[in-house]
Structure formats: C-alpha cells, structure tokens
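Structure first, commentary second.
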Amino acid sequence: MKPVKMKPVEMKPVKMKPVRAHTRKRRLPSLPESTAQTLETVAELWSEGRRQKLPLYLFLALCFNLVLAPIVYAAADGELSQTQSWALGVLGLSVIALSVYLFCVMFAPEKFS
Amino acid sequence: MQSHPASDASLREPQGSRDSRRQPPKVNLSGLYQRAVKEAFVKLDPRLVVSNPVMFVVWLGTLVTLLVTINPNLFGTLQADTNQQRLLNGIITLILFFTVLFANFAEAVAEGRGKAQADSLRATRSDTIARKVLPNGSTQEVISTELRRGDQVKVVAGDMIPADGEVVQGVASVDESAITGESAPVLKQPGTDISSSVTGGTRLLSDELLLRITQDPGQGFIDRMIALVEGAKRTKTPNEIALTVLLAVLTQVFLIVVATVPPIAGYIASFVTEILGSEAGNSLRTGSSIAILISLLVALIPTTIGGLLSAIGIAGMDRVAQFNVIATSGRAVEACGDVNTLVLDKTGTITLGNRLADEFISTNGNSIQEVANICLAASIFDETPEGRSIVQLAEGLGAKVSFDSKTAEGVEFSARTRMSGTNVAEQEFRKGAVDAIKSFVRSRGGQVSETVDQAYERVSRLGGTPLAVCKGNEIYGVIYLKDIVKSGLRERFDQLRRMGVKTIMLTGDNSITASVIAEEAGVDDFIAEATPEDKIDVIRREQAEGNLVAMTGDGTNDAPALAQANVGVAMNSGTQAAKEAANMVDLDSDPTKLIDLVTIGKQLLITRGALTTFSIANDIAKYFAIIPTIFAAAGIGALNIMGLKSAQSAIVSALIYNALIIPALIPLALQGVKFRPLTADQLLQRNILIYGVGGIIAPFVAIKLIDLVLPISF
C-alpha cells in the first residue's frame, strides 16, 4: 500500500451577504431558479418600497406624467417635441412637488430641524 | 478695629484678574478650512440639504440648469444660438453649485471649530493607570476605564486624576487648566461641596489625595462636554425654526411668481411679435428660458441668510465655548439673548465672595477677649473660609478654647437654622444670623440687649454681614464679615438696564446690608434674608409675568431653581446635581459671567436679524439686474438702471454676487455683529440703517463692478 498524499484543502473565502432583518425572503422551490430569483428581487423591492416612500412617489409622478405629457404636447400645438413635452411635464410636477415641500416646511418645520 | 487677617483662603483664590490668568482653551484649528472644504462637498447630499429650504431650492435649480446645459433645447426649442445658450447655462450651473457649496462651507467652518474643541478635550481623556484602593487597604494598579462609581483611588503628585470623583482624604493642589484654561492651581480638600469635587483628566500638582469615584466610564464630565461641543445631533432652536418658516414662505412666494412668468412672457411675446416683429418676440421667449427663470428665482430668494443661518447658530455656541462655558444646546444660548430678568447671588457674583471676619464687636459689656474666645469656640469645627477667618482673627487676639476639642461636637450650618456652632457637654456655642441667634438665646431663656441691635445695624450700614455669637443663653458679641462689591459692576448693570434686562440680587443677609450692597452695585431689586426656596419662588414669579429668567448656582440646593430658570448656569466647581440641572456649565466658575452670556445671546440674535435684513434688502438690486433682462424686448430697458453690458452679463453678475456674498459674510456670521448696549428700538433703527440701507446699496455697486470686470459678451 502506497501512502496516499493528502493535499491540504484550500479554504476559499466565502462572500457573506449581510442579513437584512426587514426583508422577508422566501424561496419558491417549485419554480425555475431564474424565475425564483426574479420574484425574490420583486419581493425585496416591494418590501423596501413600503419602507422608503421617495422611490414610490417618483414612480407615481413618472406614471402621472404619462398622462400629463400628451396634454402638454397637445397644448403646445406642435411647437414642442414629444421628448420636450415629457421633460416639461416632469419639470411642472417637480415645481408642484417643491411647492408641497415648502408648505411642509412652513407647517411642520420641526421635521426639518 | 482689628486689621484684616491674611486668610488661607487666599491660597485658593489665584492672584490677578481672571482675564489675565485665564488662557483661552487650547484648540487646534490647523487644517480647519481644508476639513471644511471636504465637509462642504459631503453636505451636498440631498438628505442633508433638504433641511434648509432655501438651499434645497438652489440645489434643485443647479440640477435643472445642468440638464439644460447638456441639452439647451430640453424644455423647448430656443431661437438663440444653442452653443451660446449652453455656455450661459453652464456658467449659471457653476455659480449655483458654488452658492450651495459656499453655504455648506460656512456651516462646516462653524462646526469645525466645535469639533476641534471636542478633539482637544478628547486628548485630555486618555486612559491612565489608577491606584485602586482595595477593601484590605492595599492598592492595585488598574486602567482608568475599569474604575466604577464608588471605587476609591489614591492619587499622588504628578498623577492624572483618572475619573470624576470627590476627595475623601487629603489636601492637595490640582491643575485644572486642561479643562478650564485657568493656569493657577486649585486647592482640593474633603468636606465641602465646592472644593471636594475633582474632574478626570486634570493633574495633581502636590501632596496626595484619596478619591471616591462618582461617575462610571463614559459618563464623566469631559465625556459629556465632548458630546455637547461636538453637537453632532444639533437641532434647530425656536428662533431658527421661526426664521426657517419665514424663509420658506418667501421662497414659496417667489417660486409661484417665477413659475407664472412664462405664460405672461408668452402672452406679451405674441403682442410684441405683432408690433415689433418675430425677433423681438423670440427674444422675449428666450429671456424666459428655464435657466434664466431659475437664476431669477435664486436671486430673489434670501440665499444669503439661508446659507448662513446654521453657521450663525453654531458660531453662537462656539463663542460661548470660547468663553469657557459649555452650553447643553443652542436653545440655551439663544435664550440668553431673550433673557429680561437676571437673578444673581450677592456673594461671589456681586461681591468678591471671600467674606472674611474683619472685627469683633462686643455687646452686653463683654470684653473683646471674651468675644474672641466664644467666636473661636463656636468656629472650631467650621471649615468654610468665613469660619477659618474667624478662627484666625480670634487666635490673633490670643483667644483660646477652654475645652478639649476631642470631647466637643460640631453643629453644621443649615439654611433652615442659619447658624452653626459647637456643643461641649452642657455648653452650646453658636454663631449665625443675628435674628437666628436671638431666637436661639430666647429659646434658652436668655435676654437680648439693645447693644446687639446697635452692633447689628452698624455692621449692616457698612454693607457687611453681621454674625452674632452666643454661649448658651447669652449673646457675647457680633462678628463683622467684610465683603467688597466687584469693580465695574454698576456700569454692567446700567448697560443691562438700557437693554431692558432687570437685575435682582438674592442674599441671605439682612435687609439693611442687602440695601447697602444693592445701592452700591446698582441692581434694580433685591431680596434679603432669602432661603434657597426663595430663589425658585422669585423665578416662578418673574416667569408668571412673562419674563425669561437667568440665574447661576453651584450647590445642590440650587438645582431646582437652575432647572426652573430659562437659563441656568452651574459652576464647574459646583455639585453634580447643580451641573445636571443647569443648561450651561461655567468652567471658570465665575458667576459674573452670566452677564457676559446675556451679551453673547443678544449678539447672536442681533447678528441673525442683521443678516436677515441684509439678505432681504439685497433682492432689490438683483431684481433690477434680472427683470430688465427677461422683459427687455417689451420695452422696459429703462429698468436697467445700472447700465449693465448685456442681459447675460447682468444675470451672471447678479448670480456671482449672490454666491460670493455668502463667503464674504462668513467672518461676520462667525464673530457676530459688534454688540452695543442699546434698547430694542435703537437696535432696530441701527440695523435698518446699516444692514437695510447698506443691503440695498452694496449689491448695486458690487453687481456693477462684477459686470465691468466680466469678460462675458454674447
């Protein structure tokens, strides 16, 4: 019997992801891996979205602009391109948001101290 | 009349005036501006900018102008040359960016000073080796962070005191310059509130002390001071919040005005096109392009005060800290400026405080020698400076006690009994307030002769404190405790009166002494024979009348009044309870500093008011620079009263002025407007004249100069 040379096992460092207590990850075993990952990502985004409101408001504003931009485009009577109408719609919504923010500062200044 | 005895109290009172002795706290300010520049970029984070509505609008404006720099036709096709428009938009973007950056820089510089002070304090907090005393009496060397409340440690000459504590045994001098800047050593000994407390990080200069630790690691005085001066979680003060609301209202108004300009400009443009041709109409439409509208908005909103507001507040805290006072919050500093009643202790605040026995006055036909003997017997256990001065004066007269002090028992002074003394078998020796001693003597069946009242009145009329001494049921004499009113106080009180601040003197002395001292010092009102409870009563009464009250205190019995006052300043040499109840701690333990703190608070408010006036007045010149630009084609060129080169140059000049005025005013915001003791009306008139009229004229001159210097020509 020849003595078998044992190679030392190389331990590769494993990248550990930080545990996020506020997200509820669920593995869906019956679905294909890629679909399960996509669903997990959507679930994570959804739970994050419930915690952080700003991305949600931005998303809703952009959705609303899909209605606003055609109105701007129609009102401009061909003077503006579709892109310009869309940009102008976003700008208008930003001005309204800024105005709402300033009202918030006026009525609840402690929140901004 | 006896000569003034040299008291050992002089050992604890450093010689010379406070200002000549005190070194400013050693704060390393090197690299302050480099750190501030870095911090200014970090503060561009929108989550931080959002707390300042004015600067947030500028920040958003910068973002939008950046977009129109990249694509000048993003919000509509312009008739002007795209490259020229892009260049103008780029310049506007850059200036707006620097406006936000300068505002951040102002705040960072102000914060940097506080952080530098925190760092210098942190340096004194280094871990030291402490000699912990074990229950069996032996000592064990431990790291200072391992010490806990209640532990006893031994400190010898040259050692750093490992943690906050109180002296249990020994007498030694301590160098407290690390925290107070005071170079003269301070005597520490057990038995009194004031001189028995020691602070971690200070150094023992002579002898040795046995200390009992009073604070756990991280809870010490220096730790709390670091947290205070660093002010990482600074919240806006009520005045800052009110001003932020005003700025938000102005910003909202100008936002609505600017947002409604394009439809009006478009409406006018259609008429102009009909009358003057399409070129004039297009010029009007170009004039109301997004970048120019944003420039108009930024020029109109009060960016100067918006950018400097927090720096002014932080600098106020810093000025207080430079004065060797630690404020718990900006609110406390600001409250100093609003104070209209000062409650001051007589002893130590209005007078020098080291009351010493100057003379014994005999009554009932007793000899001075007999009075001296009784005074010595009554004061033998009295460790206060007054008590020791009585002992010295009596010993100087050859007085001796007729009993063995080991068989005697000391009776401590209390605010209720207002006397102290010695009990020896059946004999009772007492000294204290004259009426208290009279009551005591009567309670023992004794009589009080008229000579006592005569001596009492004589001492009182000299402004001294009379103390009666008795043995059993007989009053032997009266001690004249001499105190001196601090120089220059009358002028300070006159200044405060002109500013509408009322001063009330509180003293435990009788009404004759109190009135003499009050007259000499020039206070508005006094309360004689005051007990600690009277302090809180007078504060509540003043507050009920709508006044804001400030007071100083150092003892545990001052703690409720310090907590009740709008501004409570505790002495660093005072008890822990007083320091915790107060919203400011004076590291020099100088009660007179309360007057300076009121001045600093008022200076803070005046500075804020002056810069707000200046900022709003600035709008007029900026208005005249930009409006003619937008409506030039509508025939309002006459409004270009500054004769600026071109529309573009006018906008850029106004914005450059708008940006540069922020760093230009940083020194004024940090140092504060020069304080003058004037009434509110006089201050208003002065502010309007200098900062209102000046705020109108200065930008006209500056914008014209920038326009002349600028090589821009589109």
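The values are calculated or read from the model by the stated rules, or taken from the named source; none is laboratory data. Predicted model, so just to flag it, every value in this text is computed and none were measured. A quick note on method: Cβ atoms are made from the backbone with ideal geometry, for glycine too, and the neighbour counts reach across all protein chains shown. When the accessible area is computed, the model is the full protein with side chains, heavy atoms only, and any ligands, DNA or RNA have been set aside. Shrake-Rupley method; radii C 1.70, N 1.55, O 1.52, S 1.80 Å.
Here are some notes:
- The interface between chain B and chain A buries about 1800 Å² of solvent-accessible area in total (1.4 Å probe, ligands and nucleic acids excluded).
- Sorting the segments B:496-506, B:476-486, B:37-47 by their residues' average number of neighbouring beta-carbon atoms within 10 angstrom, most packed first, yields B:476-486, B:496-506, B:37-47.
- Volume per residue of the C-alpha convex hull in the range B:492-643, rounded to whole Å³: 172 Å³
- Here the spin labels are modelled as points 7 Å beyond Cα on the Cα-Cβ line, and at A:T83 and B:E519 they lie 9.0 nm apart.
- Zone of B:D435's modelled label, taken as backbone nitrogen in the range B:500-538 under 16 Å from a point 7 Å along Cα→Cβ: B:506-516, B:526-535
- Normalised per residue, the accessible area of the range A:53-112 is 66 Å², obtained with a 1.4 Å probe and no contribution from ligands, DNA or RNA.
- In terms of its Cα atoms, the protein assembly as shown spans 115, 108, 43 Å along the principal axes, sorted from long to short.
- Kyte-Doolittle at least 0.5, axis length at least 27 Å by Cα - qualifying DSSP helices, chain B: B:238-259, B:303-322, B:593-630, B:647-671
- Relative contact order (%) - criterion: Cα under 8 Å, at least six apart; region: the range A:53-112: 29 percent
- Accessible area, probe 1.4 Å, largest first, for residues B:L147, B:L548: B:L548, B:L147
- Accessible-area order (highest first, 1.4 angstrom probe) of the listed residues A:C63, B:C470: A:C63, B:C470
- Per-residue shielding of B:63-75, expressed as the average number of other chain Cβ atoms within 10 Å of the residue Cβ, stands at 3.
- Counts of other chain beta carbons within 10 angstrom of each beta carbon in peptide A:79-89 average 3.
- Of B:S515, B:S289, A:S34, the order by accessible heavy-atom surface (1.4 Å probe, DNA, RNA and ligands excluded), from most exposed downward, is A:S34, B:S515, B:S289.
- Annotation: B:S414 carries an accessible surface of approximately 40 Å², with a 1.4 Å probe and no ligand, DNA or RNA atoms counted.
- Surface analysis of the range B:570-711 yields an accessible area of 37 Å² per residue, using protein heavy atoms and a 1.4 Å probe.
- Computed from the C-beta positions of B:L705 and B:L684 and an R0 of 45 Å, the FRET efficiency is 0.90 to the nearest 0.05.
- Heavy-atom accessible area for A:S99, with the other protein chains in place and a 1.4 Å probe, reaches approximately 30 Å².
- In loop segments of the range B:514-582 as defined by DSSP, the GluC sites (Glu not before Pro) with at most 13 further C-beta atoms inside 10 Å of their C-beta are B:E545.
- Listed pairs B:K431/B:K579; B:K188/B:K535; B:K438/B:K471; B:K38/B:K115; B:K115/B:K579 exceeding 19 Å between Cα atoms: B:K431/B:K579; B:K188/B:K535; B:K115/B:K579
- Carbon plus sulfur fraction of accessible area for the protein assembly as shown, probe 1.4 Å, in percent: 59 percent
- Neighbour cut-off at most 10 other Cβ (10 Å), DSSP loop, GluC sites (Glu not before Pro), the range B:414-467: B:E426
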